[in-house]
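J.: I have a structure I would like to understand better, so I am pasting it below and will then ask my questions one at a time.
The values are calculated or read from the model by the stated rules, or taken from the named source; none is laboratory data. Since the model is a prediction, treat every value here as computed from it, not as a measurement. Please note: Cβ atoms are built from the backbone with ideal geometry, for glycine as well, and neighbour counts cover all protein chains shown.
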Amino acid sequence: MTLTPRIALLLLLPPLLWAGNAIVGRLAVTSISPAMLNLLRWALALSLLLPLGWRALRRPGEITRRWRYLAPLGLLGVGSYNTLQYLALRTSTPLNVTLIAASMPVWMLLIGALCYREPPQRRQLIGALLSLLGVALVLSRGDLSALARVHFVAGDLLMLVAVMCWGGYSWLLARPPASMQGEARPAWGWAEFLLVQTLFGLFFSGFTAGIEHELTPMPIAWSPWLLLALAYVAIGPSVIAYRCWGLGVMAVGPAVAAFFSNLTPVFAALLSAALLGEWPQWFHGAAFVLIAAGIAVSSRRQAG
C-alpha cells in the first residue's frame, strides 16, 4: 500500500510519544522499579480500554480459541518490550539505548527474511542505511567519530532483546493467522483487540514484577510527579501509540513502519533539548532529512 499523508501521520505519532516515554521512563525508574512501572502502566491502560473494548470479554471462547496468537502478542508487545527498556535505562546510557533501538529496521528485515520468507529488497537496505546514518548523526551530535567511543554494558543487551521482541510483535500484527483474518476474525474493533493483548500482557508483566520484587525489592516513592508520569505512559505511549502503530503496520507492513521508529531518538533529542532550554542544532535538521529519505526510499514502489 502507498504511504499516504494519513498513514505517515499515524506512524509519526508513536515515535514522538515513545520518545516522551524514554525521557519519562529514565526519570521514573528512580522512584519505581522497572517491572512495576510497566505493570502499573498497562493496568492503567486497561482501565482506559475497558469502557471501549469490554465487548471482547462477552465471548471468552473467541479469546481462548486464539490464545496461541494472542499470548505471544501480549508477551512481546506489552509484557516484554517496555519492561526490558525500563530495565535497560537503569544500567545503560541514553546514547547506547537509542543506538540499539535505531537498529530496528535491520531486525525487522531479518525477522521477515528468516520467519516469513520475505527477503529484504535493495531499496529497503538503502533506506535502512540512510535512516541509521541520520540517527547516528543526532546521537553523536554531528561528530560520527564519537560513536567509536561507545562502551556496551548489560543494559545494552537487554535493549537488544527488547528490539527483537518489538520486531516479532510487529510482524505478528502484519501476518495474523487465518483465525484472525476475514470472516473468521472476531468482530473486534481496535479497542477490543488492544484490550485482549493487554490482558495477556498483564499476566506476563505481573509475573515479571513478582520475580523482580523477590530478587531486588524496591519500595515505590509515590509523588504527584510519579502519578503524572504513570498517566502519561498509560495514555500516550500505550493506548494512543499502539493504536496508531497497529494501523500503520497493517497498512504498509512492518519493514516500512520500522523506519519511522528511527525518529524516536531524534524526537527524544529534540524533547531533551527543549527541556534543557537548548535550541536544535544543524545535525538535527540533517538527521530529519536522512531519516525522511530512508522512509521515502524504503516505501517507494518498485517499477514494473
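J.: Output the residues belonging to region 236-253 that are assigned to a helix (DSSP H, G or I), of a type outside the set (D, E, K, R) and either over 14 Å from the mean Cα position of the chain (by Cα) or over 18 Å from Gly25 (Cβ atoms) (or both).
T.: Residues satisfying the conditions are Cys244, Gly246, Leu247, Gly248, Val249, Met250, Ala251, Val252.
J.: Filter region 174-190 for residues that are without any contact (Cβ under 8 Å) to a residue 24 or more places away in the chain and part of a helix (DSSP H, G or I); which is surrounded by the most Cβ atoms within 10 Å (Cβ to Cβ)?
T.: Ala184
J.: Can you name every residue in region 47-66 that is over 13 Å from Leu194 (Cα atoms) and of a type in the set (Val, Ile, Thr)?
T.: Listed by number, the list holds a single entry, Thr64.
J.: Looking at Arg117, Arg123 in this structure, which one is modelled with pLDDT of 75 or more, basic (Lys, Arg) and in a helix (DSSP H, G or I)?
T.: After applying the criteria, what remains is Arg123.
J.: Let me ask something additional. Among the residues of region 24-65, count how many are charged (D, E, K, R) and surrounded by 14 or more Cβ atoms within 10 Å (Cβ to Cβ).
T.: First pass over region 24-65, keeping only residues charged (D, E, K, R): 26, 41, 55, 58-59, 62, 65.
Those still in the list that are surrounded by 14 or more Cβ atoms within 10 Å (Cβ to Cβ) too: 26, 41, 55, 62.
Count: 4.
Rundown of residues vs (1) at pLDDT below 95; (2) part of a helix (DSSP H, G or I); (3) under 14 Å from the mean Cα position of the chain (by Cα); (4) not β-branched (Val, Ile, Thr), yes/no style:
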residue: Leu44; (1), (2), (3), (4): no, yes, no, yes
residue: Leu52; (1), (2), (3), (4): yes, yes, no, yes
residue: Ile63; (1), (2), (3), (4): no, yes, no, no
residue: Tyr69; (1), (2), (3), (4): no, yes, no, yes
residue: Gly77; (1), (2), (3), (4): yes, yes, yes, yes
residue: Asn82; (1), (2), (3), (4): yes, yes, yes, yes
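J.: Could you say whether any residue in region 172-185 is closer than 16 Å to Asn262 by Cβ and either in contact with a helix residue (DSSP H, G or I) (Cβ under 9 Å, 6 or more places away or on another chain) or modelled with pLDDT of 80 or more (or both)?
T.: Kept after step one, since they are closer than 16 Å to Asn262 by Cβ, are these residues of region 172-185: none.
So far as region 172-185 goes, no, none of its residues is closer than 16 Å to Asn262 by Cβ and either in contact with a helix residue (DSSP H, G or I) (Cβ under 9 Å, 6 or more places away or on another chain) or modelled with pLDDT of 80 or more (or both).
J.: Another one. Output the residues belonging to region 257-268 that are buried (at least 24 other Cβ atoms within 10 Å of the Cβ) and within 14 Å of the chain's Cα centre (by Cα).
T.: Selection gives Ala257, Ala258, Phe259, Phe260, Ser261, Asn262, Leu263, Pro265, Ala268.
J.: So which pairs qualify, if the first residue must be in region 30-51 and closer than 19 Å to Leu87 by Cβ, the second must be buried (at least 18 other Cβ atoms within 10 Å of the Cβ) and charged (D, E, K, R), the Cβ gap must be under 8 Å, and the two must be at least 6 apart or on different chains?
T.: Ser33/Glu212; Pro34/Glu212; Ala35/Glu212; Met36/Glu212
J.: Still on this model: Given the structure, is Leu10 out of contact with any Lys or Arg (no Cβ under 9 Å at 6 or more places or on another chain), part of a helix (DSSP H, G or I) and of a type outside the set (Ser, Thr, Tyr)?
T.: Taking the combined requirement at face value, the residue does not satisfy it.
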